[in-house]
Amino acid sequence: MNNGRICVSVCGETADEVLAQIERGQAVADVVEVRFDCVSGTEFPSLLNRLAHINTPLLLTFRPMKQGGHRTLTFDERLKFWENVLWKLENNDVLVDHEFDLDLPLDPDPDRTIISFHDFQTNGGSNLTERFDELANLTGKAIKIAVNADRITDSIGVWKLLQHAESTGKDLIPIAMGEPGKWTRILGLAYGAPLVYASLDSGRETGPGQISAADLRDVFRVKDLDSSTEVFGIIAADTSYTFSPYLHNAAFKAAEMNKVFTPLQVDDLDAFMRRMVDSRTREIEINFAGFSVTNPHKQAIVKYLSQVDPTAEAIGAVNTVRIEHGRFIGFNTDATGFIKPLRDSLGDLAGARVAVVGAGGAARACAYALKQERADVTILARDTTKATALGRELNVAVDQLTTDHRPLTTDVLVNATPLGTKGDRENETIATAEELHGVRLVYDLVYNPTETRLLREAKTAGVATINGLEMFLAQGAKQFEIWTDHEAPVDAMREAVVRRLR
């Protein structure tokens, strides 16, 4: 539990739009930020008059474009705006956020003033301690510093300021903007930030990497976190599409555990482990307790581990890390997560002919699990170079995935590629209905959407199907058990993911 507040940012051209958004924001946030730089100038008088009658705590912002605002504003325009606004709302519960270059003669109570600085030019910002000290000399209790983060390590500098801010008696709102910096928004309140900025809805973000207020409150439970909260996360090259935070945070919530799961977008695994995780070399203190690992890091993570369980060692890939007393222990739950739904559907798999399409980490886990069940496994790939190496490693057959629409001669077809995933490749498939006649079951590891084009083709051919949600849930439940030594609340996990998919 912490004392921080969720602030939802609203942005509309008219007074009516802004008031409607404020009404919705009241339900999900503690404070509503009104971005006056979005509002048409002719609407200012009407909006100000109506805001004077609102009891919701407000944060007023009039940000110039060079500081992340929506319009070009001169210094005099900004000064005049604040001179007109402050006296009109002086009796309301109003916070003021103005930029570092504007020292207002009519500043409200300093405890209600946020001095902000945005650095869009330098990844990770530059001279941040000096910048903070400059801002600390201005009138205001809280300082907001937002920096651009193209890499997760770009967020280290602004996060380190939290400790410096504490020594000065000032509050700091540290923000690393962009997908790699999302973790700073999720953990900020837990580590002393007084406020976290949020969007009203997905698609209404007023800053890069902003998360919806509802998700901050209900999924990540940011107001319940503190510095002792155990932090887990998914290490991936792109975390923008992952559903793992909904899966695992629902489990932690259902189990009433002081744990949180956050996206960790990592391109340079070595820099992340060295600068943010390894207790011998890390530059910041975060209570990491474990990770989910996905492409392209499932094999690369192995060299950082103290121990690897036999399944992960045999597969040659790790998708789960548990941290115990500074030691990193690797597991692979993809194999058990994959095989359980298949065994539940078909029973004994001994002798079954199974074709696995793909040659990456998921295909590796599937082929290993099938071999353990004594199935007859073939790896199919359009480019057999990588597949041949995998086939030799696991002692399974390899063949080329053809495009001539010949019927597939297999009992089970498994898609372990991204084809069919929601987005640009959603209408792609590894096989059409005419190729699936004679196949007994099609298993698509893609879970978003829950019914891919491949599964639709299978239904057209009258073939039984399993969608990727079943594997996703099964492997996630196993991860929960590894991290917590408790049985996973699978029903809560399923409900959370299904709700989000809808």
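The values are calculated or read from the model by the stated rules, or taken from the named source; none is laboratory data. If you're wondering where the values come from, they're calculated on a predicted model, not measured in any experiment. Note that each Cβ is placed from the backbone with ideal geometry, even for glycine, and that neighbours are counted across all protein chains shown. The protein model used for the area step is the full one, side chains on, heavy atoms only, and it has no ligands, DNA or RNA in it. Shrake-Rupley method; radii C 1.70, N 1.55, O 1.52, S 1.80 Å.
Listed conditions (1) open to solvent by 30 Å² or more (accessible area, probe 1.4 Å); (2) in contact (Cβ under 8 Å) with a residue 24 or more places away in the chain; (3) under 30 Å from P245 (Cβ atoms) are all met by D424, apart from (2). Checking each residue in segment 462-481 for being open to solvent by 20 Å² or more (accessible area, probe 1.4 Å) and either of a type outside the set (S, T, N, Q) or part of a loop (DSSP other than H, G, I, E, B) (or both) picks out G462, A464, N467, E470, A474, K478, E481. The set of residues from segment 446-461 being part of a helix (DSSP H, G or I) and either open to solvent by 20 Å² or more (accessible area, probe 1.4 Å) or under 26 Å from H248 (Cβ atoms) (or both) comprises R453, L455, R456, E457, K459, T460. In segment 127-137, the condition of being over 24 Å from the mean Cα position of the chain (by Cα), under 19 Å from D109 (Cβ atoms), modelled with pLDDT under 95 and open to solvent by 40 Å² or more (accessible area, probe 1.4 Å) is met by at least one residue.
Please go through segment 160-178 and pick out each residue that is in contact with an Asp or Glu (Cβ under 9 Å, 6 or more places away or on another chain), at pLDDT 95 or above and farther than 16 Å from P208 by Cα. Within segment 160-178, K160, L172 qualify. Note on segment 4-120: enclosed helices (runs of 4 or more DSSP H) holding 2 or more residues that are small (G, A, S) and over 23 Å from L162 (Cα atoms) are 15-25. Exactly one residue among D201, D238, D215 is under 24 Å from I284 (Cα atoms) and either open to solvent by 10 Å² or more (accessible area, probe 1.4 Å) or small (G, A, S) (or both), and that residue is D238. For segment 427-445, the candidate set comprises residues that are of a type in the set (D, E) and outside any loop (DSSP other than H, G, I, E, B); within that set, the residue that is surrounded by the most Cβ atoms within 10 Å (Cβ to Cβ) is D444.
So that you can scan it fast, the table gives a plain yes or no per residue for (1) in contact with a His (Cβ under 6 Å, 6 or more places away or on another chain); (2) part of a helix (DSSP H, G or I); (3) at pLDDT 95 or above:
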position: G330; (1), (2), (3): no, no, yes
position: A335; (1), (2), (3): no, yes, yes
position: L349; (1), (2), (3): no, no, yes
position: V354; (1), (2), (3): no, no, yes
position: A359; (1), (2), (3): no, no, no
position: R364; (1), (2), (3): no, yes, no
position: K371; (1), (2), (3): no, yes, yes
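For segment 161-170, which positions are in contact with a helix residue (DSSP H, G or I) (Cβ under 8 Å, 6 or more places away or on another chain) and either assigned to a helix (DSSP H, G or I) or within 15 Å of Y197 (Cα to Cα) (or both)? L161, L162, H164, A165, T168, listed by residue number.
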